[in-house]
1. Take the Cα atoms of segment 173-285, find their three principal axes, and give me the spread along each one in whole Å, biggest first.
2. Could you work out how far apart the two model spin labels at Lys424 and Asp505 are, taking each label as a point 7 Å from the Cα in the direction of the beta carbon, and quote it in nm?
3. Heavy atoms only, 1.4 Å probe, whole protein assembly: order His234, His530, His143 by accessible area, highest first.
4. Specify, per residue and in Å³, the volume enclosed by the convex hull of the alpha carbon atoms belonging to segment 185-244.
5. Using C-alpha positions alone, give me the convex hull volume of segment 73-182 per residue in cubic angstrom.
6. In the chain, carbon and sulfur make up what percent of the accessible area (probe 1.4 Å)?
7. Quick one: grab the alpha carbon gyration tensor of segment 120-188, order the square roots of its eigenvalues as a ≥ b ≥ c, and give me rounded if a/c is under 1.5, else prolate or oblate depending on whether a/b is larger than b/c.
8. Order the peptides 307-314, 221-228 from the highest to the lowest mean number of other Cβ atoms within 10 Å of their residues.
Amino acid sequence: RPSREILTKERKKIFQEFRIQVQKKKSYTIEKVVSIFTSKDAGVKDPLSHAVSSIKKAQGFDALLGPHTMTWAALWGRFDIEIKGDLFSQAILRFHIFHIIQTASPHSTKIDAGLPARGLHGEPYRGHIFWDNVFVMHLFDLHYPEISRSLLMYRYRRLPRARKYAKENKYRGAMFPWQSASTGEEETQEIHLNPKSGKWGMDNSRIQRHISFAIAYNVWQYWQKTRDLKFLRHYGAEMLLSIAKFGASLVKYSRRDNRYHTEGIMGPDEFHEKYPGSPKPGIKDNSYTNLFIVWTLLKAEKALEILPKRDRARLERALGLDKEELDLWRDITFKMNLIINDDGVISQFDGFFDLRELDWSAYQKKYDNIKRLDRILKSEGKSPDHYKLAKQADVLMIFYLFPLHEVENLISRLGYRFTKDTLKKNYDYYSARTSHGSSLSKVVHCYISHLLGMREESRGWFINILKSDIHDTQGGTTRESIHVGVMGGSIDIAFRAFAGVEILDDRVKINPALPWSWENVKFKIFYRKHWIYLSITKNTITIFIQGRAKSTFAIPIEIRDKLYHIDVKKKWKISLTQK
């Protein structure tokens, strides 16, 4: 036992110091058991008394290890992905899953918390909630939907504040802040330090209005994967419709071209805050935001069709939705403005094609690491606003979030031409002008190069994604805390690209394209209250759907363009080599 124990208390800190007499060739173990409660825990009015009572009952490490191990085993039983043939991918994907379910776990469902962009691992972003959830929520949707629901409820509880924020900015509906914390107010800083120059400058990132549409996306993705009608009726549809109202108020109609336009906003790129020489922040007709508004309005309309009549009537009354507004929504979905050049390249925003080209090779030679070109250019007295460059290409994000057929439908609906070469042309154009200042950019490029059949390039991006945090490829940021978005993105690539699993409105679609080193991948997904077990090789897919003792039903699953109705409780083995 320690001969002396010193307890030191400071503001927000407490220390224990132990002094013991030690002998040669003997080992000593210090065991520390901590009990933590907060006033936000359900049923806890006095955290201190709860913590003291709990610690008095607590047993030692060996006794606590058993339940801890069992709990983790249960979690791995839901989330794990097994890869044969690629030890590196196996280890890092498990590493990423581990960190994500540390950040949001079954315990999160009992508290009012969102998913911080940098996890619970450090101080960067001050624990704020951003848009990164679009890269992560799929994992919870398909493995532990209760966690997804709790993260969406974090947003729902802040819906009144989002409505107030919209009203303060002369919009309707609900406008969520770019950075959110406990109150739901805008937490984004207004000035930012450029470590390259040591100077402070304005930070206009709060005008990224696409955060609201990302929340609408998460609501719809949750509905599509779970068919949780109770959530949609009581919470999800209200969020979706409120965000749709905001999106419709964000656009302005022009008689000059009979199109709807947006202005004064920023896209995910973040390098372009305003037009060269303009004193006002924001750009016009950001393609990513414009298309996302159209998508949101269409899903809001779909949600109204799904809702029981009584719930629809209730929400229409509560939100002041009438035929005139719904007609406006529909009109916007046919007349939103996009700018597409003769080569089929979608302009990131109005005026992007008029900006200067950057001498990339010169900057690469001069600075080596040019991921944060915005800081480099500003340190030289220049501005990224003048150049055709991107931190992460907005336009390519469209093809990452939405299935290719859906993007084609959106663009065609607006009266623009979409060809089979559209994706390739946009990928080539923006890849040559993207610095990848955000780790999320690599996820997007990995997925799109996979769609294009560029297997080696996609594999290279995937390795880069896996290295992001363990090799700190962003240059010092991982030492501050992990990147939840890129971790979620790596798992999305494994499931949606390599295993080829996609959830559509009426079926599960599987079109595998395993990397050359992957001999076999195994995992399970929770699809509309049923566990589907999958084992995929380059030649076969083995499927088993779990069901209750007396249940008999089939789930439609499309494999390589052929539709099967897979019976529950029967193991199906389907060849991928037979035509």
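The values are calculated or read from the model by the stated rules, or taken from the named source; none is laboratory data. Please read these numbers as outputs of a predicted model, since none were measured by experiment. As a convention, Cβ positions derive from the backbone with ideal geometry for all residues, glycine included, and neighbour counts pool all protein chains shown. For accessibility, only protein heavy atoms count, side chains too; no ligands or nucleic acids. Shrake-Rupley method; radii C 1.70, N 1.55, O 1.52, S 1.80 Å.
1. Ordered largest first, segment 173-285 gives principal extents of 52, 42, 23 Å.
2. 3.0
3. Working: His234 75, His530 55, His143 0 Å².
From most accessible down to least: His234, His530, His143.
4. 105
5. On the way: hull volume 13.0 nm³, N = 110.
Spread over its residues, the Cα hull of segment 73-182 gives 118 Å³ apiece.
6. 51
7. On the way: a/c = 2.42, a/b = 1.45, b/c = 1.67.
It is oblate, given that a/c is not under 1.5 and a/b is not larger than b/c.
8. Those peptides, ordered most packed to least, come out 221-228, 307-314.
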